[in-house]
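Take a look at the structure set out below.
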Amino acid sequence: MIMKILNSIRNLSKIIFTSVILILSLGFYSCKKNQKESLQKIDITPEIQLTEMNHNWYYFTDDGYFKTDKPQNSPYRLQAPWTEVTRISSSGTASDVQNQVNKGFAVVNRLGILCFENDRIVLARDKNLFSDRTAGNLVFLNNTPIFSVYKSAFFNDTITEPNYKNDNSQHFFLIQFDDETKVCYPILHCNNLIDEKNSEITDFSWDGLNWYCSIKTISDTKNSFSYVSWKPTISLLDLSPSNANGNITVKEISQDDFRNTKAQIDYSKAPVRIKNMLSSFSSKIPFQIELKYAGGHSSQTYLNTIPNSTKEELKAKAVISQSWSCVIFEDGTLFIEGALSEKHILRNGKAVAIRLPKLPAGYVYSDFTISGTTLYVGWEEAAFYQTSRSGFLQVNLEKTLYSKIL
């Protein structure tokens, strides 16, 4: 009887929490919409506008991806928390390999891994792993894609199943993806890092040597957080949940220690290649850039703050590869410099500005990857913490850039 009462209280608290969030989101979304409508666009005249001949739109369903002429013409989907919907949650580009096209990958929440090799697209589905877990945080080790999965205590009903607490296989954390076989293999589950049985690793950061994790432990009466750092004593890709306990070193860290690994860095300390690309407007517009290195570890976020500015802070994703760098803002403004696979250097090394197709109100561009001469960038219809329609845009950069005299 006591357990039933506690579960009823817990369910009621979830309902109250969700209701409050929904009320807040309506007001927040209204403010954001007004801000976006009044936002002064990036003060750049793009050198190139995309035509219908050099790009394709795709949308996601629960079963895969399909072509559409425009994002707003894709089938309507109910809004749901971003942790629970099909969307590109993280993308990445493998590092350059001599005489090979560098591959791109995208973690598609609730669906699988998208593999890109120039204009070739392959979806590797894994229903058992993805169907009831939130997936993201794509990184690379020796060009092997690695990502994380977890279950959200607020929005995922399967986390309260009676057998969940005693089933370690439910608590997967770190996964590697084998591009040859298109199969996902577990590296660690949560109980390799913490003795508490009902725990989920909700976020991590990896600096190339040490891993830093935020762990949420769930009970019928309360939820608690703990933080650890760990590193393997053998090759990471040789780890598995069955052998990890003797082959990793783990230590507790503080909440502040973990937060410091995710802290935003002043834009003045950003890599020179990024600052050179954005030099024409970086002193005028507030923005934050999430930067990744091709084939590398966790991203770093750089913040460009403008004192007393009334302009909305723009968000952008960036990738630095050995031969090229690229930044894409959520409104579709793209900057690229360098040389794509087996191509000459663009405009003697100077940045080229492109305007991706304008999205309808309420839609944004998200993460991206480039494979060979093909760009893939996610899009989604988003309002506060919820997402509905989503997909990705495929752009032929050879036609877009190299058919011009740049």
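Okay, here's what the table says:
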item: Some residue of the stretch 71-83 being in a strand (DSSP E or B), of a type in the set (F, W, Y) and touching a residue at least 40 places away in the same chain (Cβ under 8 Å); result: no
item: Residue selected from the stretch 101-128 under the condition out of contact with any Ser or Thr (no Cβ under 9 Å at 6 or more places or on another chain) and charged (D, E, K, R), by the criterion nearest to T374 (Cα to Cα); result: R125
item: Selection within the stretch 255-275 - surrounded by fewer than 17 Cβ atoms within 10 Å (Cβ to Cβ) and touching a helix residue (DSSP H, G or I) at 6+ places or on another chain (Cβ under 9 Å); result: S268, K275
item: Residue in the stretch 303-325 that is touching a helix residue (DSSP H, G or I) at 6+ places or on another chain (Cβ under 8 Å), assigned to a strand (DSSP E or B), farther than 23 Å from K399 by Cα and not β-branched (V, I, T) present; result: yes
item: Residue list for the stretch 168-214, filter: without any contact (Cβ under 8 Å) to a residue 40 or more places away in the chain, hydroxyl-bearing (S, T, Y) and open to solvent by less than 50 Å² (accessible area, probe 1.4 Å); result: S199
item: P145 vs. criteria of a type outside the set (D, E, K, R), open to solvent by 40 Å² or more (accessible area, probe 1.4 Å), under 29 Å from G246 (Cβ atoms) and modelled with pLDDT of 95 or more; result: no
item: Pairs with Cβ under 8 Å, 6+ apart, first in the stretch 284-298 and on the phi < 0 side of the Ramachandran plot and small (G, A, S), second in a loop (DSSP other than H, G, I, E, B) and crowded, with 20+ Cβ neighbours inside 10 Å; result: A294/A94; A294/N102; A294/S321
item: Failed item, numbered, when E312 is tested on (1) touching a Leu at 6+ places or on another chain (Cβ under 6 Å); (2) crowded, with 18+ Cβ neighbours inside 10 Å; result: (2)
item: Residues that are hydroxyl-bearing (S, T, Y) and assigned to a strand (DSSP E or B), drawn from the stretch 97-143; result: T134
item: Filter result for N99 (open to solvent by 20 Å² or more (accessible area, probe 1.4 Å) and on the phi > 0 side of the Ramachandran plot); result: yes
item: Residues of the stretch 104-128 satisfying the condition of being of a type outside the set (V, I, T) and under 19 Å from N56 (Cα atoms); result: G104, F105, A106, L114, C115, F116, E117, N118, D119, R120, L123
item: Filter pass, N223 being over 30 Å from R125 (Cβ atoms), surrounded by 12 or more Cβ atoms within 10 Å (Cβ to Cβ) and in contact with a strand residue (DSSP E or B) (Cβ under 7 Å, 6 or more places away or on another chain); result: yes
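Condition check ((1) modelled with pLDDT under 95; (2) among the acidic types (D, E); (3) open to solvent by less than 20 Å² (accessible area, probe 1.4 Å); (4) more than 22 Å from S91 (Cβ to Cβ)) across all residues:
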| residue | (1), (2), (3), (4) |
| --- | --- |
| Y302 | no, no, yes, no |
| A316 | no, no, yes, no |
| D367 | no, yes, yes, no |
| Y376 | no, no, yes, no |
| W379 | no, no, yes, no |
| R389 | no, no, no, no |
| Y402 | yes, no, no, yes |
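The values are calculated or read from the model by the stated rules, or taken from the named source; none is laboratory data. Everything numeric here is computed off the predicted structure, so don't read it as measured data. Quick reminder, even Gly has a Cβ in these numbers, built from the backbone with ideal geometry, and neighbours come from all protein chains shown. Remember, those area values only see protein heavy atoms, side chains included, never the ligands or the DNA or RNA. Shrake-Rupley method; radii C 1.70, N 1.55, O 1.52, S 1.80 Å.
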